[in-house]
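Notes follow once the structure below has been shown.
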Amino acid sequence: MSILRRKSSWWTAGAVALAMALPGSAAAKVEGDTIILGAALSLSGKYSTAGNHTQRGYELAKKIINDAGGVKVGGKSYKIDIKYYDDESTPARGAQLTERLIKQDQVKFMLGPYSSGLTKAVAPIVEKHKIPMVEANGASRSLFTQGYKYLFAVLSTADQYLTESINLAAEQARADGKDPASLRIALAFENDPFSQDVRLGVVDLAAVHGMKIVIDDKLPPELNDMAATLNKVRALKPDVLVVSGHSKGAATAIRQMSQMKIKVPM
């Protein structure tokens, strides 16, 4: 797990701890001296790799906070614990389990799921029940244009994720004595809200630099084979290849580029 991921998860739980101390907050679910948070995570299914990373991040944050004495609410110190359910990487299941955590398990504070799609499914539920949710894995811009009052995030929006790769390409072109506008860009993005938001940021910045997009492929949700896109890359020889498809897409791209001996400057 990266330092950035650890810090993000630490601040996620820390932000929830702050919310619990705010005047007027809903009474938290407490068992003894422990406040129970809730999270529906992708522990199986398509997003299971990232979902399990998310759980480990939350557990690390819990350990750090509890080892430091917990959180103080109303002058009393409480440990925190987290009740998890497996949303099976399915938005409908995520929404169902969020309802269960709030209504049946009486959880008053939520930690977010993995992915923009799952977060979009859960956000209206926590909003309806007025339950604060802090999330670090749903970065789609549209999540932050709905006027949600109970959704809090500790991350950049998706359109910023890969823009610096385009700035880096432009910088390197100038260092090589080239005009950044001469660069040819290949895009391969999974056709989901998160990845398409990442794409928009790249497209906008490529236009600022005057770069030409020569491949702009939408990848299927069940991403198992990128050979068609990579054959285009072999034929058109772009200067930069940008791929976004969550953990599975990244692993597929790296594996098949090696197998097919695809060479791209960046």
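The values are calculated or read from the model by the stated rules, or taken from the named source; none is laboratory data. Values in this document were obtained by computation on a predicted structure and should not be read as measured data. Note that we place each Cβ from the backbone using ideal geometry, even for glycine, and neighbour counts take in every protein chain shown.
Just a few scattered comments:
- Yes/no for SER258 being surrounded by 15 or more Cβ atoms within 10 Å (Cβ to Cβ) and not in a loop (DSSP other than H, G, I, E, B): no
- Residue within segment 183-199 that is more than 18 Å from GLY94 (Cα to Cα), among the β-branched types (Val, Ile, Thr), in contact with a Phe, Trp or Tyr (Cβ under 8 Å, 6 or more places away or on another chain) and in a helix (DSSP H, G or I) present: yes
- Filter result for THR34 (in contact with a Phe, Trp or Tyr (Cβ under 8 Å, 6 or more places away or on another chain) and either in contact (Cβ under 8 Å) with a residue 60 or more places away in the chain or farther than 30 Å from GLU190 by Cα (or both)): yes
- With respect to (1) outside any helix (DSSP H, G or I); (2) crowded, with 16+ Cβ neighbours inside 10 Å; (3) charged (D, E, K, R), the lone exception for LYS120 is condition (1).
- Single residue of segment 132-163 satisfying the filter (part of a helix (DSSP H, G or I), of a type outside the set (Val, Ile, Thr) and touching a Leu at 6+ places or on another chain (Cβ under 9 Å)) that is farthest from LEU37 (Cα to Cα): ASP159
- Within segment 204-213, being surrounded by fewer than 16 Cβ atoms within 10 Å (Cβ to Cβ) and outside any loop (DSSP other than H, G, I, E, B) holds for ASP204, ALA207, VAL208, LYS212.
- Boolean, VAL202 is more than 30 Å from PRO132 (Cα to Cα) and outside the structural domain of VAL126 (by TED's automatic domain parsing): yes
- Applying a threshold of 7 Å to beta carbon distances and a minimum spacing of six or more residues, or different chains, the list of pairs starting in segment 222-241 at a residue that is in contact (Cβ under 8 Å) with a residue 24 or more places away in the chain and farther than 26 Å from SER182 by Cβ and ending at one that is crowded, with 20+ Cβ neighbours inside 10 Å and acidic (Asp, Glu) reads LEU223/GLU190.
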